[in-house]
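Participant: Pasting a structure below so you can have a look.
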Amino acid sequence: MISQEFEFHAPKQLGEALKLLQRYGDEAKVLAGGMSLVPLMTLGLLQPKVVVSFNHIRELDYVSEDKAMLRIGAMTRHATVKSDALIARYCPLLSEAASYVGDVQVRHRGTIGGSLAHADPAADYPPVMLAVGAQFKLQSASGERIVKAADFLKGLMQTDLRAGELLTEIQIPKLGEGSGTSYQRLHRVEGNFAIVNAAAVIEKGFKGARIGLGGVGGSAVLVDVSKRMAKGLSEEALRGVSDDAYAASHDAYGDLNGDADYRRAMARVYAQRVIKAAAGKVG
Ligand SMILES: Cc1cc2nc3c(=O)[nH]c(=O)nc-3n(C[C@H](O)[C@H](O)[C@H](O)COP(=O)(O)OP(=O)(O)OC[C@H]3O[C@@H](n4cnc5c(N)ncnc54)[C@H](O)[C@@H]3O)c2cc1C
């Protein structure tokens with residue numbers, strides 16, 4: 001039960017929502033799928049004076065494409081991310097990641113924008129966003145800006161969002177034909193958050209290779225392994241990838257699922273697994 005009283009708004013237009021957030025600033029919280037916000041409010045860890053629901057703003061629920069980019073509205077639910085044909089074609093990595101998020105109920109309520117704004121260190125999307133070089137559209141009543149995923153994710157549940165600003169669109173460069181990708185995660189129980197997760201992208205002809213790693217610090221980290229993989233897959237390349245993943249995980253934390261050393265060791269293992277799987281798909 002949420003014991004704290006709050007004012008509730010459910011605008012139907014984005015413009016209306018932006019004005020509300022401008023009016024209330026830090027006092028307002030956006031309600032997207034509510035999968036993270038509602039538990040925090042129930043536990044009394046968050047007590048916003050104003051809640052602005054986005055659930056009636058249809059213009060934020062879409063997947064579209066242009067020549068270079070996939071564009072995903074912030075209110076697109078995980079279930080849609082998992083099953084959408086455009087995403088499957090141009091960013092299969094993201095469909096794979098969405099299939100792991102929580103359970104069926106969580107996937108039908110939770111949204112991609114809510115997950116990224118919440119910035120859980122072990123969430124499924126951040127490593128993907130880093131590996132594919134995504135960027136985000138942030139809008140406020142006074143304008144908009146585009147921020148790279150690497151600059152947006154600032155640390156443990158910290159993002160570059162300012163008061164009155166919303167994440168409205170996720171923009172993902174279309175992966176070219178011949179590129180190889182893989183997303184894999186370590187978890188103890190199906191439907192639980194990952195302990196460590198990894199996403200790899202290798203461009204056609206091994207022209208570039210990147211890994212996004214999650215669960216190894218306050219936020220996901222990007223590991224550029226282009227030089228390691230420039231000549232294709234080999235034992236030597238894999239050892240280099242493993243070392244780079246280990247080095248990039250220096251801020252790993254410990255919790256009930258494993259200590260920092262375990263997470264760093266798993267970063268080695270999962271970086272190798274995703275790069276091997278991605279290399280097998282490169283044209
Ligand atoms: C049982 C359970 C299991 C889960 N398992 C996983 C898992 O395995 N992997 C995983 O990645 N996640 C998991 N999640 C989290 C899930 O992905 C949530 O959907 C996500 O964290 C929050 O998304 P939401 O749309 O529900 O956002 P909300 O809970 O509504 O909001 C979360 C936060 O983001 C803010 N916010 C929301 N939308 C925006 C926006 N567009 N712009 C700015 N701020 C915004 C809110 O104000 C709030 O602070 C799980 C959740 C539950 C309850």
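The values are calculated or read from the model by the stated rules, or taken from the named source; none is laboratory data. Computed from a predicted model, the values in this text were never measured in an experiment. As a convention, Cβ positions derive from the backbone with ideal geometry for all residues, glycine included, and neighbour counts pool all protein chains shown. For the accessible areas, the whole protein counts, side chains as well, though only heavy atoms, and no ligand, DNA or RNA atoms are used. Shrake-Rupley method; radii C 1.70, N 1.55, O 1.52, S 1.80 Å.
Participant: Would you check which residues across segment 71-89 are over 15 Å from the mean Cα position of the chain (by Cα) and among the charged types (D, E, K, R) and list them?
Facilitator: 84, 89
Participant: If we scan segment 204-211, do we find a residue that is in contact with a helix residue (DSSP H, G or I) (Cβ under 6 Å, 6 or more places away or on another chain) and free of Cβ contacts under 8 Å to residues at least 24 places away in the same chain? Don't jump to the end; show me each part of the working.
Facilitator: Filtering segment 204-211 for residues in contact with a helix residue (DSSP H, G or I) (Cβ under 6 Å, 6 or more places away or on another chain) gives 206, 208-211.
Those left that are additionally free of Cβ contacts under 8 Å to residues at least 24 places away in the same chain: 208.
Checking segment 204-211: at least one residue is in contact with a helix residue (DSSP H, G or I) (Cβ under 6 Å, 6 or more places away or on another chain) and free of Cβ contacts under 8 Å to residues at least 24 places away in the same chain.
Participant: Something else about it: Taking segment 55-72 only, how many residues are under 15 Å from residue 21 (Cβ atoms) and touching a helix residue (DSSP H, G or I) at 6+ places or on another chain (Cβ under 6 Å)?
Facilitator: The initial filter retains those residues of segment 55-72 that are under 15 Å from residue 21 (Cβ atoms), namely 57, 60.
From the residues that got through so far, the ones that are touching a helix residue (DSSP H, G or I) at 6+ places or on another chain (Cβ under 6 Å) too are 57.
So the answer is 1.
Participant: Could I ask something else about it? Please go through (1) open to solvent by 30 Å² or more (accessible area, probe 1.4 Å); (2) within 15 Å of the ligand (Cβ to nearest atom) for residue 165 and return the number of the only condition it doesn't satisfy.
Facilitator: (1)
Participant: Further question on the same structure: Hey, does segment 51-61 have a residue that's more than 24 Å from residue 218 (Cα to Cα), more than 9 Å from the ligand (Cβ to nearest atom) and in contact with a strand residue (DSSP E or B) (Cβ under 6 Å, 6 or more places away or on another chain)?
Facilitator: Yes, segment 51-61 contains a residue that is more than 24 Å from residue 218 (Cα to Cα), more than 9 Å from the ligand (Cβ to nearest atom) and in contact with a strand residue (DSSP E or B) (Cβ under 6 Å, 6 or more places away or on another chain).
Participant: Let me ask something else about it. Restrict the check to segment 128-135 and report whether at least one residue is at pLDDT 95 or above, buried (at least 22 other Cβ atoms within 10 Å of the Cβ) and touching a Phe, Trp or Tyr at 6+ places or on another chain (Cβ under 7 Å). So that I can check it myself, show each step before the final result.
Facilitator: Looking only at segment 128-135, we keep the residues that are at pLDDT 95 or above, and these are 128-135.
Adding the requirement that they be buried (at least 22 other Cβ atoms within 10 Å of the Cβ) leaves 128-132, 134.
Restricting the remaining residues to those that are touching a Phe, Trp or Tyr at 6+ places or on another chain (Cβ under 7 Å) gives 128.
The answer is yes, given that some residue of segment 128-135 is at pLDDT 95 or above, buried (at least 22 other Cβ atoms within 10 Å of the Cβ) and touching a Phe, Trp or Tyr at 6+ places or on another chain (Cβ under 7 Å).
Participant: Criterion first (surrounded by 16 or more Cβ atoms within 10 Å (Cβ to Cβ) and farther than 18 Å from residue 62 by Cβ) does residue 142 satisfy it?
Facilitator: Details: surrounded by 16 or more Cβ atoms within 10 Å (Cβ to Cβ): no; farther than 18 Å from residue 62 by Cβ: yes.
No.
Participant: Let me ask something additional. I need the full set of residues from segment 142-157 which are within 15 Å of the ligand (Cβ to nearest atom), farther than 21 Å from residue 211 by Cβ and at pLDDT below 95, in order please.
Facilitator: 157
Participant: Restricted to segment 79-115, and to residues that are of a type in the set (Asp, Glu) and crowded, with 17+ Cβ neighbours inside 10 Å, which residue is farthest from the ligand (Cβ to nearest atom)?
Facilitator: By that ranking, first place goes to 84.
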